Amino acid sequence: MVVTNICCVGAGYVGGPTCSVIAAKCPDIRVTVVDLSQQRIDAWNSDDFNLPIYEPGLKDVVKECRGRNLFFSTNIDEAINAADIIFISVNTPTKTYGLGKGRAPDLKYIEAAARRIANIATGNKIVVEKSTVPVKAAESIHRILFANTTNGVRFQVLSNPEFLAEGSAINDLMNPDRVLIGGEQSSSGLRAVEELSWVYEHWIPKEKIIKTNTWSSELSKLAANAFLAQRISSINAMSAVCEATGADVGEVAHAIGTDSRLGPKFLQASLGFGGSCFQKDVLNLVYLCEALNLPEVAAYWQQVIDMNDYQRRRFANKVIGCLFNTVTDKTITILGFAFKKNTGDTRESSSIYMCKYLMDEGARLHIYDPQVAQEQIIADLTHRDISEKSERGKFKMATTLETETEWEKVSKLVKIYNNPYEALEGAHAFVVCTEWDEFKELDYLRIYNSMLKPAFAFDGRRILDHDSLKNIGFHVETVGHKTTLKDFLPITP
Ligand code: UDX
Ligand code: ADP
């Protein structure tokens, strides 16, 4: 098969950037990204390139390719039929109901996409799972396709997990550390792997394309995210020890990161990791281990999540503790709502948890984020799955009444701002929840003068210049550093 046409089902954070880069690097291939959401597709097609997701560099790639060999459409059936290769890039959130609630991934979107492909396809196809899925999902997709096809159409199902990180997606896609393709170890399976590999070879050196069996590929994606999340939980665990002893977690991270066996990346202590992948994938791994009757392995990985919950709660408690053990009716400015800088994505953002914990104590919140829309913030703070989530990721069902109460609470306590200085005026404290570069450049003297005294600065990302904040007069608290009496005195050169 010569690949001339690719269809991607799902125009979200994975499908959109991935297919834009494939289109840019493979001008000989027509790439169509389809979605159920007309609104999303309209945004991808908008004249002013007001794309549905914010990702540095994405707009330029879309400008270069859209209408040339990159198309966005809701005509799913037509695109599936025309394609040689179909990527499935639909969402796989953690289940919020039924068996595996709060831990297993919800595969209903994947299954719906697979059934649609089976019903529509009239020619042979390679179906590629790009979304993070549990081990053996390819097998389930294969069974759905096989059981629902009557006209002799043949499918090969490949696992090709995406390793891009939001905020650096375009660079990650253009220069990946590796591309992983898993396939059935049969002659037709291996042929399909080679065909997908050929697409990537347009811009990626062959030696960076790793070919494995399907299950290794599926498990490697979960393992990679679990190892990365584990590093953050490990350094966050150390941050608690630092705060208790007087060691500084930045110095510890630097000291251990220079060991080439450890390396310096992913050792940035914070108020906890967020994002659509880490928690979901580690929980997915825990669920898999339990299903495989490996309770010790499941408990080991569960600790990565428990440590993250602990870190979020611990930092919120620090804010409350420093503000004389009560934040009721105090104004606290939240700087950053996205789960990391350079994205407008808020899924599982630690900011949501911070806001929730502070609202539970009756604090008034002024929220500013350079990319997240007001409606998204309100939705996240009132959404049942977050507002009703208890410790350790277990859910309790909310009644309509409870949800209404959340609405009332949020509308009473939360104000959202488009300008950081306005958000900080009259505040008792601010909390940096996202590491946006612009927060380092703010005029903190002006901010100090506009805040109530004593003015508290809580740096949940360790990005600010703490010495200069202390010199201005702020009481500064951060992750992984013990505050002593000395910290309240001006720094003398
Ligand atoms: C992650 C993986 O990095 C990527 O390979 C995979 O495809 C999807 O999941 P993403 O969630 O987009 O990507 O962002 P990432 O940069 O990994 O950050 C995740 C969270 O960890 C963020 O909240 C970030 O702020 C936090 N983090 C990261 C830390 O707290 N400390 C660090 O040292 C690194
Ligand atoms: P991710 O971060 O995994 O890309 P997103 O939620 O950003 O997740 O994107 C997933 C997209 O998949 C959404 O835009 C959603 O509308 C779309 N989607 C879900 N199910 C289907 C389906 N059966 N057919 C087409 N699109 C789908």
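What follows is calculated from the coordinates using simple rules that are stated; it is not laboratory data. Predicted model, so just to flag it, every value in this text is computed and none were measured. Every residue, glycine as well, gets a Cβ built from its backbone with ideal geometry; the counts of neighbours run over all protein chains shown.
Some points to look at:
- Computed FRET value (nearest 0.05) for Thr122 with Tyr448, which takes r as the C-beta separation and R₀ as 45 Å: 0.10
- Spacing of the two label points (7 Å from each Cα toward its C-beta) at Val2 and Asn50, in nm: 4.2
- Neighbour counts of other Cβ atoms within 10 Å put Glu441, Glu139 in the fewest-to-most order Glu441, Glu139.
- The chain - percent relative contact order, Cα under 8 Å, separation 6 or more: 12
- 30 Å Cα-Cα reach of Lys101 towards lysines, excluding residues that sit fewer than 8 places from it in its own chain: Lys130, Lys136, Lys221, Lys280, Lys340, Lys341, Lys356, Lys389, Lys394, Lys396, Lys409
- Surrounding net charge for Gly98, when Lys and Arg each add one and Asp and Glu each subtract one, Cβ distance under 13 Å: +3
- Mean separation of Cα pairs under 8 Å and 6 or more residues apart, divided by the residue count, gives segment 206-277 a relative contact order of 32 percent.
- Helix 278-291 vs. the chain, principal-axis angle (Cα, 0 to 90°, nearest 10): 60
- Label reach from Glu422 (point 7 Å along Cα→C-beta): in segment 357-385, amide nitrogens under 20 Å belong to 364-379.
- Relative packing of peptides 328-335, 173-180, 230-237 - highest average C-beta neighbours within 10 Å first: 328-335, 230-237, 173-180
- Local charge for Gly167 was computed over the other residues whose Cβ lies under 12 Å away, with Lys and Arg +1 and Asp and Glu -1, and equals -4.
- Relative exposure of Glu111, Glu207, Glu218, judged by other C-beta atoms within 10 Å (fewest first): Glu207, Glu111, Glu218
- For segment 153-257: rounded, prolate or oblate by the Cα gyration tensor [a/c cutoff 1.5]: prolate
- In plain terms, the chain from Gln38 to Ser216 could stretch by 60.5 nm, reckoned as 0.36 nm per residue minus the Cα-Cα distance.
- Rounded if a/c under 1.5, otherwise prolate or oblate - segment 79-181, Cα gyration tensor axes: oblate
- The separation of segment 410-437 from segment 321-381, counted between C-alpha centres, amounts to 8 Å.
- Estimated FRET transfer efficiency (Glu251, Glu441; beta-carbon r; R0 22 Å; 0.05): 0.30
- Close amide-amide hydrogen proximity is noted between Val31 and Ile6, Leu70, Phe71, each under 5 Å apart and 5 or more residues distant or on a separate chain (H modeled in the peptide plane; Pro and chain starts excluded).
- Acute angle (nearest 10 degrees) that the helix 400-413 long axis makes with the longest principal axis of the chain, alpha-carbon atoms: 50
- The chain, dipole about Cα centre (Lys/Arg Cβ +1, Asp/Glu Cβ -1), debye to the nearest 20: 740
- Distance between the 7 Å Cα→Cβ label points at Thr150 and Glu194: 3.5 nm.
- Crossing angle, helix 214-245 versus the chain [Cα axis fit, 0-90 degrees, rounded to tens]: 10
- Modelled this way, with points 7 Å down the Cα-to-C-beta line, the labels at Phe227 and Asn171 are 2.1 nm from one another.
- Of the trypsin sites (Lys or Arg not before Pro) in segment 86-116, those whose Cβ has at most 15 other Cβ within 10 Å and which sit in DSSP loop: Lys101
- Here the gap between Lys412 and Glu111, fully extended at 0.36 nm per residue and compared with their Cα-Cα distance, gives a gain of 104.3 nm.
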